[in-house]
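J.: Here it is, the structure in full.
The values are calculated or read from the model by the stated rules, or taken from the named source; none is laboratory data. As the structure is a prediction and not an experimental result, all values here were calculated from the model. Virtual Cβ from ideal backbone geometry, glycine too; neighbours counted across all protein chains shown. Quick note on the areas: whole protein, heavy atoms, side chains included, nothing else; ligands and nucleic acids left out. Shrake-Rupley method; radii C 1.70, N 1.55, O 1.52, S 1.80 Å.
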Amino acid sequence: TNRGIVVSAYDLKDSEQIGGLKYDMLTVAALDKIHATMNYLLEDDAIVWQGNLRDTYNKYLLPSILEFDDRKMWQNLWDGEVNDAFQFDTMVGSQAVKLIKPDSIKELAIANTIMRLMAQDNMDLPLDTFVKYKKDISQWYHEMSLYGLSRTEVDILEPYLLPLYGVADSQEAVMLLTMDEKIAGFTLNEANSLRKAIAKKDPKVLQSTKQMYYEKGTSLGNNPFLLDYVWNVQIMRQAGYSFSILHTMAYSTITLQQMNLVAQFPPIYWKTACLSVNAGAINEEDYYNLVSQGIIELSDEDDMRSSKKIQYGKVASAIGKMRGTIKVNQPDINLSRMGFTPNVKENEILYGIKGITRLGDAVIHEIILNRPYTSVQD
């Protein structure tokens with residue numbers, strides 16, 4: 001690396017061959033924003049420090065104590081009030097939220113995976129199909145009738161697919177379908193082979209699994225129309241990409257934590273945290289009270305020095321992304337801190353003094369120490 005550290009990288013298949021385990025480290029920015037929000041809240045005594053970060057997190061953000069059903073909280077998500085909602089901060093993600101309008105953790109998890117599924121062979125996007133069937137479930141029944149399914153076969157599918165509005169959303173959903181004796185009677189291991197073929201996008205394994213699926217389904221005497229419908233419509237929807245429920249539920253819980261922070265406290269705290277993290281403008285020195293109480297320890301001088309360079313491009317981009325959702329005002333000589341500052345009273349974010357060009361830290365500290373000012377002369 002540019003620091004002289006020697007690193008090695010291995011091909012995916014080679015890593016699998018020797019038993020390597022894949023970890024996805026995707027939540028760093030989201031967790032930074034949650035942590036920054038907690039610090040802003042602690043600084044203003046909006047929440048109470050519990051002696052350590054873990055206990056403070058447990059008191060306010062542990063999944064078991066989160067609010068799940070507050071209508072206003074879900075409305076905030078639909079209306080785009082939850083800036084940078086985890087995994088829903090892309091164009092596709094925001095579209096999924098607006099179209100599906102999830103109002104439960106279960107539907108949020110469905111949205112998290114449905115929006116990733118790709119259209120197959122001139123079919124509609126699974127997201128569009130899900131929204132269409134959610135609005136009018138009779139259209140799902142019409143789809144099944146086009147495949148020649150009888151009432152008996154519809155009865156087989158309803159327990160699995162009716163709660164999902166007729167669209168198998170996850171790896172587990174298709175596993176359960178194939179394990180039904182009235183469909184293919186897969187064992188758990190066989191269904192897991194299908195899951196792996198979908199998850200790893202392995203055409204060879206998918207083809208061999210398809211052959212086994214039809215052989216087993218036919219040997220059980222099940223209707224070929226039903227086998228075709230389950231494979232061609234429900235399973236092949238996931239052939240391009242698919243998530244596990246474990247994956248989507250964990251992702252959705254992080255989003256729910258963010259939604260709770262926005263709903264239960266003035267949203268300006270969350271918005272300021274998003275802006276600060278996106279702009280790379282988190283300043284430990286801004287948390288005066290937390291430093292004096294020993295809750296935050298200032299980094300050593302080397303770390304502080306490396307964090308002092310302001311990337312104005314990132315700052316401009318982050319402010320541009322925030323435009324239209326909250327006012328970002330000019331620096332206030334009496335209220336602004338080093339970085340972006342939540343002004344709860346005016347429901348605005350104040351630009352940081354450190355962002356003013358050619359103004360050194362020593363001068364900024366003097367300005368802050370001698371506040372308030374009542375005139376230019378002062």
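J.: Tell me which of these VAL291 doesn't satisfy, since it passes every other one: (1) within 28 Å of ALA85 (Cβ to Cβ); (2) of a type in the set (A, V, I, L, M, F, W, C); (3) surrounded by 12 or more Cβ atoms within 10 Å (Cβ to Cβ).
T.: So VAL291 meets the others, but not (1).
J.: Tell me which residues, restricted to the stretch 325-334, are touching a Leu at 6+ places or on another chain (Cβ under 6 Å) and either open to solvent by less than 10 Å² (accessible area, probe 1.4 Å) or under 26 Å from ASP89 (Cβ atoms) (or both). I'd like the intermediate steps shown before the answer.
T.: Within the stretch 325-334, the first condition is being touching a Leu at 6+ places or on another chain (Cβ under 6 Å), and the residues that meet it are 329, 332.
Selection gives ASN329 alone.
J.: With respect to the numbered conditions (1) surrounded by fewer than 17 Cβ atoms within 10 Å (Cβ to Cβ); (2) under 30 Å from ALA46 (Cβ atoms), which one is the sole condition not fulfilled by TYR214?
T.: Among (1) surrounded by fewer than 17 Cβ atoms within 10 Å (Cβ to Cβ); (2) under 30 Å from ALA46 (Cβ atoms), TYR214 violates only (2).
J.: Something else: Condition (residue is buried (at least 20 other Cβ atoms within 10 Å of the Cβ) and under 25 Å from the mean Cα position of the chain (by Cα)) applied to the stretch 199-208: is it met by at least one residue?
T.: no
J.: Still on this structure, I have one more. Which count do you get for residues in the stretch 335-371 that are open to solvent by 50 Å² or more (accessible area, probe 1.4 Å) and assigned to a helix (DSSP H, G or I)?
T.: So the count comes out to 5.
J.: Here is a check on your reading of the model: is GLY221 within 17 Å of MET115 (Cα to Cα) and either open to solvent by 40 Å² or more (accessible area, probe 1.4 Å) or among the small types (Gly, Ala, Ser) (or both)? Please lay out each step first, then the result.
T.: Numbers: within 17 Å of MET115 (Cα to Cα): no; either open to solvent by 40 Å² or more (accessible area, probe 1.4 Å) or among the small types (Gly, Ala, Ser) (or both): yes.
Considered against the rule, which asks whether it is within 17 Å of MET115 (Cα to Cα) and either open to solvent by 40 Å² or more (accessible area, probe 1.4 Å) or among the small types (Gly, Ala, Ser) (or both), GLY221 comes out as no.
J.: Oh, and also: Based on what the data block shows, is LYS101 in contact with a Pro (Cβ under 9 Å, 6 or more places away or on another chain), open to solvent by 60 Å² or more (accessible area, probe 1.4 Å), under 20 Å from SER170 (Cβ atoms) and not small (Gly, Ala, Ser)? Steps first, answer last, please.
T.: On the way: in contact with a Pro (Cβ under 9 Å, 6 or more places away or on another chain): no; open to solvent by 60 Å² or more (accessible area, probe 1.4 Å): yes; under 20 Å from SER170 (Cβ atoms): yes; not small (Gly, Ala, Ser): yes.
So LYS101 fails the test.
J.: Sticking with this one: Could you pull out the residue among ILE114, ILE65 that is of a type in the set (A, V, I, L, M, F, W, C) and open to solvent by 20 Å² or more (accessible area, probe 1.4 Å)?
T.: ILE65
J.: Within the stretch 273-281, is even one residue in a helix (DSSP H, G or I), in contact with a strand residue (DSSP E or B) (Cβ under 7 Å, 6 or more places away or on another chain) and surrounded by 21 or more Cβ atoms within 10 Å (Cβ to Cβ)? Spell out the reasoning first.
T.: So the first thing to find is which residues in the stretch 273-281 are in a helix (DSSP H, G or I), and the list is 273-278.
Then drop every residue that is not in contact with a strand residue (DSSP E or B) (Cβ under 7 Å, 6 or more places away or on another chain), which leaves 275.
From what's left, surrounded by 21 or more Cβ atoms within 10 Å (Cβ to Cβ): 275.
Yes, that holds for at least one residue.
J.: Right, another one. Quick one: count up the residues across the stretch 164-174 that are farther than 20 Å from ILE105 by Cα and either open to solvent by 10 Å² or more (accessible area, probe 1.4 Å) or free of Cβ contacts under 8 Å to residues at least 60 places away in the same chain (or both). Give the derivation first.
T.: Filtering the stretch 164-174 down to residues farther than 20 Å from ILE105 by Cα leaves 174.
Those left that are additionally either open to solvent by 10 Å² or more (accessible area, probe 1.4 Å) or free of Cβ contacts under 8 Å to residues at least 60 places away in the same chain (or both): none.
Number satisfying all stated conditions: 0.
J.: For the condition out of contact with any strand residue (DSSP E or B) (no Cβ under 7 Å at 6 or more places or on another chain), open to solvent by 80 Å² or more (accessible area, probe 1.4 Å), more than 18 Å from LEU290 (Cβ to Cβ) and not hydroxyl-bearing (Ser, Thr, Tyr), what is the one hit in VAL48, VAL7?
T.: Of the residues listed, the single one that is out of contact with any strand residue (DSSP E or B) (no Cβ under 7 Å at 6 or more places or on another chain), open to solvent by 80 Å² or more (accessible area, probe 1.4 Å), more than 18 Å from LEU290 (Cβ to Cβ) and not hydroxyl-bearing (Ser, Thr, Tyr) is VAL7.
J.: May I pose another question? Working carefully through the options LEU226, LEU256, LEU177, LEU194, find the one that is open to solvent by less than 30 Å² (accessible area, probe 1.4 Å), assigned to a helix (DSSP H, G or I) and in contact with a Pro (Cβ under 9 Å, 6 or more places away or on another chain).
T.: None of the others qualify; the one that does is LEU256.
J.: Six or more apart or on different chains, Cβ atoms under 7 Å: show the pairs whose first residue is in the stretch 71-89 and more than 19 Å from THR272 (Cα to Cα) and whose second is open to solvent by 40 Å² or more (accessible area, probe 1.4 Å) and in a loop (DSSP other than H, G, I, E, B).
T.: TRP74/ASP103; TRP78/LYS101
J.: Here is a further query. Take the residues of the stretch 117-146 that are at pLDDT 95 or above and part of a loop (DSSP other than H, G, I, E, B): which is surrounded by the most Cβ atoms within 10 Å (Cβ to Cβ)?
T.: ILE137
J.: If you go through the stretch 241-260 one residue at a time, do you hit one that is under 26 Å from the mean Cα position of the chain (by Cα) and farther than 30 Å from LYS72 by Cα? Lay out the reasoning, then the answer.
T.: Kept after step one, since they are under 26 Å from the mean Cα position of the chain (by Cα), are these residues of the stretch 241-260: 241-260.
Filter once more, so that each one left must be farther than 30 Å from LYS72 by Cα: 241-242.
Yes.
J.: Sticking with this one: Look at ASP44 and say whether it is over 13 Å from ASN260 (Cβ atoms) and touching a helix residue (DSSP H, G or I) at 6+ places or on another chain (Cβ under 9 Å).
T.: Details: over 13 Å from ASN260 (Cβ atoms): yes; touching a helix residue (DSSP H, G or I) at 6+ places or on another chain (Cβ under 9 Å): yes.
Spelling it out, ASP44 is indeed over 13 Å from ASN260 (Cβ atoms) and touching a helix residue (DSSP H, G or I) at 6+ places or on another chain (Cβ under 9 Å).
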